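What follows is one structure encoded as structure tokens, with my remarks underneath.
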Amino acid sequence: MSHSDDSRVEHYLEVMESRSRVFRLMYDTVIEVESADEQQIYDIICKNLRSICGAKHSAIASYDAASKTLSLRSTHSEAGARGDAGEKSLSLSQELETLFTSQYLIQCEDSDQLTQVSTLFSDALSSCTDEKYAAFSCVQGGELLAIGALQIETDQRLRMKDLIESYLKLAGMIIQRSRASLRFRDAKRDIQVPLLNSIFDSLLLPRPSRSPALRNNIASSLLLRRWLPR
């Protein structure tokens with residue numbers, strides 16, 4: 001085997017290892033979010049996406065389509081510590097909403113190209129000029145759920161864009177499921193479930209439509225239930 005063949009094999013193995021690592025991170029993400037609350041889900045996505053892309057910094061903001069508002073949820077640095085996202089928010093123009101809904105990954109030469117959203121991520125991304133930037137979005141079923149930004153070295157380029165987009169699609173599914181779960185929990189809290197005793201009481205309350213004999217039969221049946229074998 002020639003030297004060039006050795007180089008090709010080494011490159012192939014390196015690529016396969018990199019892709020395998022992304023698949024492991026996708027699997028880890030699914031496992032981690034199972035027991036996570038809403039805020040932790042954004043932290044996990046932000047952290048693992050930064051690792052997949054090899055970025056210096058990452059940030060993610062949730063998007064509320066009703067109010068067209070972005071809210072910064074999590075930031076992550078190469079040091080591994082989660083930054084304080086604070087309570088920053090801003091409105092998103094219709095033009096940018098359409099752009100982020102149609103593209104999962106947008107590469108930029110500098111933070112100015114992030115235009116409106118750059119102010120939201122300004123604290124998460126350093127102001128050094130020796131870096132370039134990429135914006136990303138999480139979309140599910142045509143609904144924009146979150147957008148974010150990555151800061152990478154100038155001489156670095158994003159590799160495995162197909163897997164990055166696959167991860168962003170997975171993130172969109174996770175965020176959508178989390179929101180649906182929260183809506184279900186809120187709706188469930190609003191449902192008034194009558195106590196068992198109140199059900200029995202309603203059977204025994206006198207009603208014009210019930211004869212005394214019927215009420216007595218109902219009462220007898222309820223009392224007899226205590227002595228029936230289970």
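Listed values, structure above:
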quantity: Given (1) surrounded by 11 or more Cβ atoms within 10 Å (Cβ to Cβ); (2) assigned to a helix (DSSP H, G or I); (3) modelled with pLDDT of 90 or more, index of the condition residue 36 fails; calculated: (2)
quantity: Test result for residue 55, part of a loop (DSSP other than H, G, I, E, B) and either surrounded by 15 or more Cβ atoms within 10 Å (Cβ to Cβ) or touching a strand residue (DSSP E or B) at 6+ places or on another chain (Cβ under 7 Å) (or both); calculated: yes
quantity: Count - residues of segment 159-175 that are in a loop (DSSP other than H, G, I, E, B) and either acidic (Asp, Glu) or under 22 Å from the mean Cα position of the chain (by Cα) (or both); calculated: 1
quantity: Pairs, first under 20 Å from residue 25 (Cα atoms) in segment 139-162, second of a type in the set (Asp, Glu), C-beta under 8 Å, six or more apart; calculated: 151/131; 152/131
quantity: Residue that is in contact with a Phe, Trp or Tyr (Cβ under 7 Å, 6 or more places away or on another chain) and at pLDDT below 85, where the choices are 168, 222, 205; calculated: 222
quantity: Residue check, residue 82 at pLDDT below 85, basic (Lys, Arg) and under 17 Å from the mean Cα position of the chain (by Cα); calculated: yes
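The values are calculated or read from the model by the stated rules, or taken from the named source; none is laboratory data. Given the structure is predicted, the values throughout are model-derived calculations rather than measurements. Cβ sites come from the backbone with ideal geometry, for glycine too, and all protein chains shown count toward neighbours.
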